[in-house]
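The values are calculated or read from the model by the stated rules, or taken from the named source; none is laboratory data. What you see is a predicted model, and the numbers here were worked out from it, not measured in a lab. Cβ: placed from backbone, ideal geometry, glycine included. Neighbour counts: every protein chain shown. Side chains are part of the model used for accessible areas, which takes the heavy atoms of the whole protein and leaves out ligands, DNA and RNA. Shrake-Rupley method; radii C 1.70, N 1.55, O 1.52, S 1.80 Å.
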Amino acid sequence: QVQLVEAGGGLVQPGGSLRLSCAASGIVLSMYAMGWYRQAPGNRRELVASIGTYGDTNYADSVKGRFTISRDNAKNTVHLQMNSLKPEDTAVYYCNAVRMIRDYWGQGTQVTVSS
């Protein structure tokens, strides 16, 4: 059984930082393209950052220079370091793993940026 479990969300003040983690069981994440998505109330789910199997990364324009996606293959985990957080970053953040026809999602973790 495949599971992706996100952790690290919470409440943070504007300008603060959070580090999200996505830990996998049942699959080897290094074989999957990984993505972090987010969805705010009333909005569609959007791609925030992605990392390919060769370490190539891609970011939404709104988070470039502030967020960093990375892999820890030894721990079968993917991280999203989020710095200089803004209120508009408030959303549920989801981890996604894709390989060919396989497509897995985590349950999401809430990130709230507010003073």
Quiz item: Between GLN39 and ASP72, what length comes free when the chain is fully extended (0.36 nm per residue of separation minus the Cα-Cα distance, one decimal in nm)?
Solution: 9.4 nm
Quiz item: Leaving out ligands, DNA and RNA, what percent of the accessible area of segment 65-115 is carbon and sulfur, probe 1.4 Å?
Solution: 49 percent
Quiz item: Roughly how many percent of the accessible protein surface of segment 1-51 is carbon and sulfur, given a 1.4 Å probe and a whole-percent answer?
Solution: 49 percent
Quiz item: To the nearest µm²/s, what D does Stokes-Einstein give for the chain at 37 °C and 0.692 mPa s, using the Kirkwood radius over alpha carbon pairs as Rh?
Solution: 234 µm²/s
Exercise. Express in whole angstrom the spacing between the alpha-carbon centres of segment 1-62 and segment 95-115.
Key: 5 Å
Quiz item: Anyone know which of ASN43, ASN76, ASN58 comes out most mobile in the 10 Å Cα GNM of the chain?
Solution: ASN43
Quiz item: Considering the chain as a Gaussian network with a 10 Å cut-off on Cα pairs, which listed residue, PRO87, PRO41, PRO14, attains the greatest mean-square fluctuation?
Solution: PRO41
Quiz item: Rounded to the nearest 0.05, what FRET efficiency is calculated for ASN58 and GLN81 with R0 set to 22 Å and r the Cβ-Cβ distance?
Solution: 0.90
